[in-house]
Amino acid sequence: MIRITDEERARIAQAVRVAESRTSGEIYVVLARESDDYFYTASFMMSFITLVLAILCAFWLHWSWRDIPLHYFGLGMLGFYLFCLFCLAVIPSLRLWLTPARVKQRHAHNNAVRQFLAHNVGRTSGRTAVLLFVSLAEHYAEVIADSGINARVQQQEWHDIVALLTSHARKGELAGGYVRAIDKAGALLAGHFPPDGRNENVLSDELVEI
C-alpha cells in the first residue's frame with residue numbers, strides 16, 4: 001500500500017498554501033487508508049459461497065453413492081465456514097476481493113461526504129472550499145466542491161483532477177498526484193474566485209490522514 005513520507009506531507013501542505021495564495025477559495029486534502037473494513041459484506045458473500053458449496057457437495061455425495069453421516073457433513077461445512085470467517089478477519093485483502101466494486105465505491109463516496117461535512121469544508125464564508133479525497137483500499141478518488149464553486153466550475157474540470165490523482169496513484173506517485181491536483185484546483189479557483197484581501201484560512205493546509 002502507498003505510504004506518504006513526512007517530506008511528501010510537507011510538499012502537499014506547501015502546495016495547498018501556494019494554491020490558496022492565488023484565490024479566496026480553500027483546498028482541503030484527505031487521504032483514507034480504507035473507507036470501511038467490509039467484514040459484514042464479505043461475510044455475506046462467504047456465507048453464500050459456503051451454501052452453494054454445501055449444496056454441490058451434497059449432490060456430489062449422492063451421485064457418487066457415498067454415504068456420510070449427516071452430522072459429519074454438517075460439522076465439516078461448519079468448520080469450513082468458521083475457517084473462512086477467520087481468514088476474513090485476518091486478511092483485509094480477501095475482504096476487499098469479495099466485496100463488489102459498486103459497494104466499495106459507495107462506501108468510499110459516503111466517506112468523502114462525511115469528511116466534507118465533519119471538517120466543515122462547506123462552512124467557509126463564500127462557500128468556496130473544495131475537498132480532494134482519496135481512499136487507497138478502494139482505489140477511489142473524488143473531488144467535492146461547495147455550492148459556490150459548483151455554480152461556476154464545470155463538473156468535467158473536477159473529473160479531470162480525479163483522473164490526475166488516480167493516474168499518479170497507479171504509478172505509486174500519490175504525493176506528486178496530490179501536488180499537481182492541488183495546483184490545478186488552485187488555478188480553477190483563482191480564475192473564478194481571485195483573492196479578496198481578507199486571506200482567511202479557515203481550513204487546515206495539512207494532509208489529513210484517516
Conditions (1) surrounded by fewer than 23 Cβ atoms within 10 Å (Cβ to Cβ); (2) free of Cβ contacts under 8 Å to residues at least 40 places away in the same chain; number of the one not met by ALA137: (2)
From the option list GLU157, GLU142, GLU173, single residue qualifying as surrounded by 20 or more Cβ atoms within 10 Å (Cβ to Cβ) and among the acidic types (Asp, Glu) is GLU142
As an exercise: evaluate ALA141 against (1) in contact with a Gly (Cβ under 8 Å, 6 or more places away or on another chain); (2) within 30 Å of MET45 (Cα to Cα) and give the number of the one condition it does not meet. (1)
Restricting to segment 44-76, name every residue that is exposed (fewer than 10 other Cβ atoms within 10 Å of the Cβ) and of a type in the set (S, T, N, Q). SER64
Test: ALA129 is touching a residue at least 60 places away in the same chain (Cβ under 8 Å), of a type outside the set (Val, Ile, Thr) and in the same structural domain as ASN110 (by TED's automatic domain parsing): yes
Of the residues ARG106, ARG152, only one is under 30 Å from LEU207 (Cβ atoms), charged (D, E, K, R) and without any contact (Cβ under 8 Å) to a residue 12 or more places away in the chain; which? ARG106
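Conditions tested, residue by residue: (1) assigned by TED's automatic domain parsing to the domain that holds PHE116; (2) not in a helix (DSSP H, G or I).
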position	(1), (2)
ILE12	yes, no
ALA15	yes, no
THR23	yes, yes
LEU31	yes, yes
MET45	no, no
ALA54	no, no
CYS57	no, no
TRP60	no, no
Contact list please: Cβ distance under 8 Å, first residue in segment 167-196 and under 11 Å from VAL130 (Cβ atoms), second residue surrounded by fewer than 17 Cβ atoms within 10 Å (Cβ to Cβ) and small (Gly, Ala, Ser), pairs at least six apart or on different chains. PHE193/GLY126
So VAL52, is it among the hydrophobic types (A, V, I, L, M, F, W, C) and touching a residue at least 40 places away in the same chain (Cβ under 8 Å): no
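The values are calculated or read from the model by the stated rules, or taken from the named source; none is laboratory data. Everything numeric here is computed off the predicted structure, so don't read it as measured data. When we count neighbours, we look across all protein chains shown, and the Cβ atoms used for this are built from the backbone with ideal geometry, even at glycine.
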